[in-house]
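**Q** Below you will find the structure I want to go over with you.
The values are calculated or read from the model by the stated rules, or taken from the named source; none is laboratory data. Given the structure is predicted, the values throughout are model-derived calculations rather than measurements. A quick note on method: Cβ atoms are made from the backbone with ideal geometry, for glycine too, and the neighbour counts reach across all protein chains shown.
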Amino acid sequence: MPVTAIVGAQWGDEGKGKITDLLAQDADVVIRFQGGNNAGHTVVNQHGTFKLHLVPSGVFNPNALCIVGPGTVVDLQVLCAELDGLEKAGVPTGGLRVSDRAHLLMPWHIALDRLDERERGRQKLGTTGRGVGPAYADKVARHGIQVYEVRDEKRFREHVARELETKNAILERFGDKPLDARETADDVLRAAARLGDRIVDTLPLVEDAVARDARVLLEGQLGAMRDLDWGIYPYVTSSNPLAGGAAVGAGIPPRYITRVIGVVKAYSTAVGEGPFPTELHGELANALRETAQEYGATTGRPRRVGWFDAVAPRHAHRLNAFTELAVTKLDILGTYDEIPFCTSYELDGRLTTDMPPTALLERAVPRYEKLAGWLCSLDGVSDRRGLPKEARAYLTRIEQTVGAPIGMVGIGPERTATIL
Ligand code: IMP
């Protein structure tokens with residue numbers, strides 16, 4: 001059984017949670033490999049509707065080992081609250097493990113994220129305000145605190161106090177309240193105690209899973225357009241949501257990843273700032289947002305919505321080499337008699353299907369084809385041949401323009417509303 005990476009091929013929020021939840025039913029191990037609780041993976045199943053932020057979407061398979069991987073940044077208090085919520089809903093969480101090499105997302109990271117956004121003013125990035133950028137910045141600057149450090153209370157408290165000397169100086173300089181070192185350490189240590197022996201070295205677990213041919217899923221957060229290196233910098237997240245990032249962030253040798261599923265929504269959405277060429281405004285945008293309930297799972301912000309933009313997932317495919325695409329929310333497009341479909345951009349008088357860097361993308365003009373709509377519900381359709389011919393043609397156009405075959409199509413929020 002291959003190791004499978006599930007990654008976003010657009011701006012994030014493509015529906016990876018649903019696809020992971022579906023595939024996790026047969027998985028042995030599910031690993032979140034990057035990001036933090038900026039993620040909001042919506043999962044609808046027999047237990048109810050859940051918005052997962054840190055816990056891998058495999059948690060609904062009681063037999064799966066779910067790992068918060070070494071490439072993530074972890075707010076232990078948020079993780080504990082999420083576990084409490086799941087347990088209250090009757091979802092067993094005994095299979096959860098947290099990498100002791102992951103970095104702690106500390107309260108000062110949240111304060112600095114908000115401060116930074118405020119000080120950027122009109123140039124703000126539109127982050128989720130969860131502290132993810134500053135946590136990764138500290139990791140790279142070698143000021144981070146790794147999860148295992150909570151095991152030595154004295155050393156941990158000293159590390160917190162040392163970091164707060166500079167962090168508090170910054171907070172105070174910009175008129176924000178400084179944090180108390182003791183209280184901050186107490187809160188994190190309390191959460192760490194609640195997690196207890198779930199905090200482990202995950203490498204032997206992953207190595208063992210691969211050695212016994214277990215079914216491993218690598219669950220990405222966000223999408224290629226928000227990748228730190230290949231996205232719309234600086235309007236990106238601070239980690240790599242690509243399959244390449246999965247190898248490092250999960251702790252799995254890249255040659256073991258043989259299946260890469262690129263998740264794409266049948267149209268486009270984005271939360272946060274930055275260029276978004278096919279964006280809709282006004283009534284058209286409101287109608288699509290309402291029909292599809294496009295509100296951020298983490299912050300509740302209304303998502304920006306737009307027509308399908310093939311240039312973005314094509315860019316993602318060039319970086320990920322998708323073995324297949326999973327198209328989500330095709331059902332949402334059932335009310336249009338004609339659907340604009342962006343195949344290229346016009347930039348400085350030239351047509352291109354390459355993704356330009358951010359400042360150029362800001363003035364790129366999307367070029368559309370008009371595809372015929374199907375004007376009906378897709379409820380109950382169980383295979384691709386059962387779709388109306390216009391919907392089949394729409395999917396074929398996605399395959400042609402992105403360059404990868406479609407393996408799954410979502411036609412509703414539930415696990416069962418998926419054509420395989
Ligand atoms: P950060 O990851 O909170 O630093 O935010 C950086 C950018 O990524 C902002 O545009 C956010 O809106 C966006 N972003 C972060 N997490 C998500 C997510 O789970 N879905 C969609 N957008 C996200």
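**Q** Taking Val248 as the residue in question, decide whether it is in contact with a Ser or Thr (Cβ under 6 Å, 6 or more places away or on another chain), more than 16 Å from the ligand (Cβ to nearest atom) and over 23 Å from Ala359 (Cβ atoms).
**A** No; evaluated as a whole, the condition is false for this residue.
**Q** Any chance you could count how many residues in the stretch 2-22 are outside any strand (DSSP E or B) and either assigned by TED's automatic domain parsing to the domain that holds Phe308 or under 19 Å from Asn320 (Cα atoms) (or both)?
**A** Total satisfying the criteria: 12.
**Q** I would also like to ask the following. Which residue, of Ala209, Ala270, Ala292, Ala297, is touching a strand residue (DSSP E or B) at 6+ places or on another chain (Cβ under 7 Å), of a type in the set (A, V, I, L, M) and more than 12 Å from the ligand (Cβ to nearest atom)?
**A** Answer to the selection: Ala209.
**Q** Hey, could you check the stretch 137-154 for residues that are within 16 Å of the ligand (Cβ to nearest atom) and of a type in the set (D, E, K, R) and say which is surrounded by the most Cβ atoms within 10 Å (Cβ to Cβ)?
**A** Looking at residues that are within 16 Å of the ligand (Cβ to nearest atom) and of a type in the set (D, E, K, R), I get Asp138.
**Q** How many of the residues in the stretch 110-136 are within 10 Å of the ligand (Cβ to nearest atom) and assigned to a helix (DSSP H, G or I)?
**A** Start the filter on the stretch 110-136 by keeping residues that are within 10 Å of the ligand (Cβ to nearest atom), which leaves 113, 116-117, 124-136.
Still in the list and also assigned to a helix (DSSP H, G or I): 113, 116-117, 132-136.
So the count comes out to 8.
**Q** Being within 16 Å of the ligand (Cβ to nearest atom), assigned by TED's automatic domain parsing to the domain that holds Ala372 and not β-branched (Val, Ile, Thr) narrows it down to one of Arg314, Arg303, so name that one.
**A** Of the residues listed, the single one that is within 16 Å of the ligand (Cβ to nearest atom), assigned by TED's automatic domain parsing to the domain that holds Ala372 and not β-branched (Val, Ile, Thr) is Arg303.
**Q** Go through (1) closer than 26 Å to Val150 by Cβ; (2) surrounded by fewer than 24 Cβ atoms within 10 Å (Cβ to Cβ); (3) of a type in the set (S, T, N, Q) one by one and return the number of the condition Thr42 breaks.
**A** (1)
**Q** For the stretch 37-102, list the strands (runs of 3 or more DSSP E) that sit wholly inside it and hold at least 2 residues that are in contact with a Lys or Arg (Cβ under 8 Å, 6 or more places away or on another chain) and closer than 19 Å to Pro241 by Cβ; which are they?
**A** In the stretch 37-102, the matching strands (runs of 3 or more DSSP E) lie at 41-45, 65-68.
**Q** With the structure loaded, tell me whether Pro241 is within 15 Å of the ligand (Cβ to nearest atom), touching an Asp or Glu at 6+ places or on another chain (Cβ under 6 Å), under 29 Å from Asp116 (Cα atoms) and outside the structural domain of Arg301 (by TED's automatic domain parsing) or whether it fails that test.
**A** When the stated conditions are applied, Pro241 passes them.
**Q** State which residue is surrounded by the most Cβ atoms within 10 Å (Cβ to Cβ) when the search covers only the stretch 386-420 and only residues that are basic (Lys, Arg) and modelled with pLDDT of 95 or more.
**A** First, the residues of the stretch 386-420 that are basic (Lys, Arg): 389, 392, 397, 415.
Narrowing the set further to residues that are modelled with pLDDT of 95 or more leaves 389, 392, 397.
Values: Lys389: 10, Arg392: 15, Arg397: 17.
Restricting to residues being basic (Lys, Arg) and modelled with pLDDT of 95 or more, the top hit is Arg397.
**Q** Being in a loop (DSSP other than H, G, I, E, B) and away from the ligand (no atom under 16 Å from the Cβ) is the filter here, so list the residues in the stretch 251-267 that pass it.
**A** Gly251, Ile252, Pro253, Ala266
**Q** Which condition does Asp187 not pass, out of (1) touching a Gly at 6+ places or on another chain (Cβ under 8 Å); (2) away from the ligand (no atom under 16 Å from the Cβ), if it passes all the others?
**A** (1)
**Q** In the stretch 208-241, which residues are assigned to a helix (DSSP H, G or I) and either in contact with a Pro (Cβ under 7 Å, 6 or more places away or on another chain) or buried (at least 19 other Cβ atoms within 10 Å of the Cβ) (or both)?
**A** Within the stretch 208-241, Ala209, Ala224, Met225, Arg226 meet the criteria.
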